[in-house]
Each structure stands twice: as C-alpha cells, then as structure tokens.
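I'd like to ask some things about the structure below.
The values are calculated or read from the model by the stated rules, or taken from the named source; none is laboratory data. Please read all numbers here as calculations on a predicted model, not as lab measurements. Cβ: placed from backbone, ideal geometry, glycine included. Neighbour counts: every protein chain shown. Only protein heavy atoms, including side chains, enter the accessible area calculation; ligands, DNA and RNA are left aside. Shrake-Rupley method; radii C 1.70, N 1.55, O 1.52, S 1.80 Å.
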Amino acid sequence: MKQNVMKYQTMNKQNGFTLVELVAVIVLLGILAVAALPRFISLSGDVKAARLKAAKGAMESAATMVHGKAIILGIANEGVHYVGSRPQHNPTGKVNTSGFDLNQGYPWVTSIADAAGLSADDWDRDITINNAIAFSVKGDDVSDRTCQVIYNMPVRRGLRPEITIDVTGC
C-alpha cells in the first residue's frame, strides 16, 4: 500500500507547469515582443503625414483669420502686396495693421509660417517655388518634394491660397 501511495505522489508532481514557470515564459515572450515589434512596424511615416496634415489645417485657419482681419481693415481686395504696414504701389493709402505681410488680403509666403505658428525649430522651408513656400518636417529633405505641405499664394483677386499636401514619400 505504501508503495502505491508513493507512485501516486510522484505522478502528481510531474503533471503540468508551475505558476512560476508560466509567469517566467509570459514575461520572456513580452520582452521579446517589445524588442522585435519596432522592427516590424514603423510609425515614423504616419507621424510625419499627421504633422503635415496638422500644418495644412493650421495654414488654412491662419489664412482665413488673417483674411478676415484684412477685410475688417478694408485692405482685402486691393490686390496689393503689403510689406509690414506700408503697401507697395497702393493708391488708397490704407495701412496694414494685421501684423503680417499680405497679398490679396492673405498672408504672404514669408508670413504664413508665423501666422500658422509653424516654428523654424520644427519645420524646414523651401521658398524656391514661385509664389509658394514648401514645409517639411525638420531633418527631411524638402527639395525632394515627396513629404511636404505647400502654401501657394492667390494669383489674383477673389482667389484663396491653395494649400496642398504630398505624403507619398513619408
């Protein structure tokens, strides 16, 4: 009888894994997953695309607000380029107090970054485009034109600025 009890106890001890062993395996799998996951999933392109979309929204809002102020000041539809408060070739003599260089009542290419709150610490700029400025996330090559947002000034009265985004290279 004693021999049967010993066989029974020995068999019970050999069935399954202990809780400590299971926890150790789960922790080890978690560490491996955390280490390997960034290699399989790269989110940097999505982050850049989201930042460009946010910058586009900020530029659209800023252009609308500055244009609203230009309407209030009576200088929105003059087709005049204001540099600071003094207009260039302005027959009406009205003064720009919006705080931004204007063209057709919208921010000039050199003013849109300030109007939209796009810091030079976060964004690279390319003003080599006629009547436009391109922004890319700091550190990217803005000249390759594949991961950027572009602000095009209105070319004549009554048109809004055209703001386009290209995220193909992000």
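Within the stretch 16-30, can you find the residues that are part of a helix (DSSP H, G or I) and over 44 Å from the mean Cα position of the chain (by Cα)?
Taking the stretch 16-30 as the starting set, the residues that turn out to be part of a helix (DSSP H, G or I) are 19-30.
Within the stretch 16-30, 19, 20, 21 qualify.
Could you list all residues from the stretch 129-147 that are within 18 Å of residue 107 (Cβ to Cβ) and buried (at least 16 other Cβ atoms within 10 Å of the Cβ)? Don't jump to the end; show me each part of the working.
Taking the stretch 129-147 first, the residues within 18 Å of residue 107 (Cβ to Cβ) are 129-135.
Within the stretch 129-147, 132, 133, 134, 135 meet the criteria.
Does residue 63 count as of a type in the set (Gly, Ala, Ser), modelled with pLDDT under 90 and on the phi < 0 side of the Ramachandran plot? Working first, answer last.
Numbers: of a type in the set (Gly, Ala, Ser): yes; modelled with pLDDT under 90: no; on the phi < 0 side of the Ramachandran plot: yes.
Answer is no for this residue.
Would it be correct to say that residue 140 is within 13 Å of the chain's Cα centre (by Cα), modelled with pLDDT under 90 and assigned to a loop (DSSP other than H, G, I, E, B)? If you could, list the steps in order and put the result at the bottom.
On the way: within 13 Å of the chain's Cα centre (by Cα): yes; modelled with pLDDT under 90: yes; assigned to a loop (DSSP other than H, G, I, E, B): yes.
Against the criterion (within 13 Å of the chain's Cα centre (by Cα), modelled with pLDDT under 90 and assigned to a loop (DSSP other than H, G, I, E, B)), residue 140 qualifies.
With respect to residue 150, is the statement that it is open to solvent by less than 80 Å² (accessible area, probe 1.4 Å), in contact (Cβ under 8 Å) with a residue 12 or more places away in the chain and touching a Leu at 6+ places or on another chain (Cβ under 9 Å) true? Explain how you work it out, then say what you get.
Working: open to solvent by less than 80 Å² (accessible area, probe 1.4 Å): yes; in contact (Cβ under 8 Å) with a residue 12 or more places away in the chain: yes; touching a Leu at 6+ places or on another chain (Cβ under 9 Å): no.
The answer is no for residue 150.
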